[in-house]
Amino acid sequence: MNKVLENILARRSCRAFDPDKKVPEELLNKVLTAALNAPTGRNRQQTIFVAVTDPEKLKWLSAINCRIGGWPQDFDPFYKATAVIIVLGPKSVSTTVYDGALAMGNMMLAATSLGLGSCWIHRAKETFELPEGKEFLKSLGIEGDYEGIGHCALGYALKEPPAKKILDNRIFFAK
C-alpha cells in the first residue's frame, strides 16, 4: 500500500505519552516542515507555529488549558507530551481556521510517519484570547492579532492507541 495511505490509516490520537522521552529536535523540525508545507487559502502562508519543549512552559500551557476546560490542576490535558506545537493564524484572514486545520493534519500524519504519537488538543483559541496568552506571544516577538487554532501534542506513546471504529453511512455519491 502507498506510504501516505498507510500513515493515514495508522494515525490515532495518543493520550498517554512517555514523559521521560523527549522528541529529538530533528524530528520536531520534520513535523514543523510538514506544517509549513500544508496548503493555505490563496497560498498566503500566514499560519504560524510555536514549538514548546521547555518543561516549565509546557506546565504553564497545561495549567491554562485546565483552567479553561474546568479540570483540576493535577490533570494534564496534554497527556505528558514532551513537545507541543501551537498553531496560530491571523484573525484578519478568512481562511485562517481552515489553513491551521490543514497544518494540524499534516503534522499529525508526519508524526505517525516518524514513529511519534500525536493528539490535537483544543482550547488554543481561548488560551490566546487571554491576556497571559497574548503576553506569551509578545514575549516571543509575535506581534499582531492571532487566533489559536490548536495545540499539536507530540511525543512517544506509552501504549498503542486503540483501533479506530469507523462509523457507517457517512459517504454519499451523487452520480
Legend entry - Positive-end extreme of charge dipole, the chain - chosen from Asn2, Gly155, Leu88 (charges on Cβ): Asn2
Inset, instruction - Among the lysines, select those whose C-alpha is under 20 Å from the C-alpha of Lys134, and discard any that sit fewer than 8 residues away in the same chain. - result: Lys57, Lys59, Lys91, Lys125
Legend entry - nm² value of the averaged projected area, convex hull over the Cα atoms of region 19-67: 4.7 nm²
Legend entry - Surface/4 of the Cα convex hull for the chain, nm²: 12.4 nm²
Legend entry - Share antiparallel - DSSP beta bridges, the chain, percent rounded to 5: 95 percent
Inset, instruction - Please list, in chain and number order, the residues 5+ apart from Ala83 or on another chain whose amide H is under 5 Å from its amide H, with Hs placed from the backbone. - result: Leu154
Inset, instruction - Among Ser139, Ser13, Ser113, determine the one that fluctuates most according to a GNM of the chain built with springs between C-alpha atoms less than 10 Å apart. - result: Ser139
Legend entry - Accessible surface of Glu26 - all protein chains present, 1.4 Å probe, nearest 10 Å²: 120 Å²
Legend entry - Exposure rank, largest accessible area first [Phe173, Phe49; 1.4 Å]: Phe173, Phe49
Inset, instruction - Using the 2.2 N^0.38 Å rule of thumb for compact globular proteins, work out how region 109-169 stacks up: its C-alpha Rg over that value, please. - result: 1.54
Legend entry - Probe 1.4 Å, accessible area per residue of the chain, Å²: 60 Å²
Inset, instruction - First compute the accessible area of the chain with a 1.4 Å probe, then give the percent of it belonging to carbon and sulfur atoms. - result: 54 percent
Legend entry - Of Ala111, Ala81, Ala38, the one that fluctuates the most in a GNM where the chain has Cα springs shorter than 10 Å: Ala38
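The values are calculated or read from the model by the stated rules, or taken from the named source; none is laboratory data. Keep in mind the model is a prediction, meaning the values are calculated, not measured. Cβ atoms come from the backbone with ideal geometry, glycine included; neighbour counts cover every protein chain shown. Note: areas computed on protein heavy atoms with side chains; ligands, DNA, RNA excluded. Shrake-Rupley method; radii C 1.70, N 1.55, O 1.52, S 1.80 Å.
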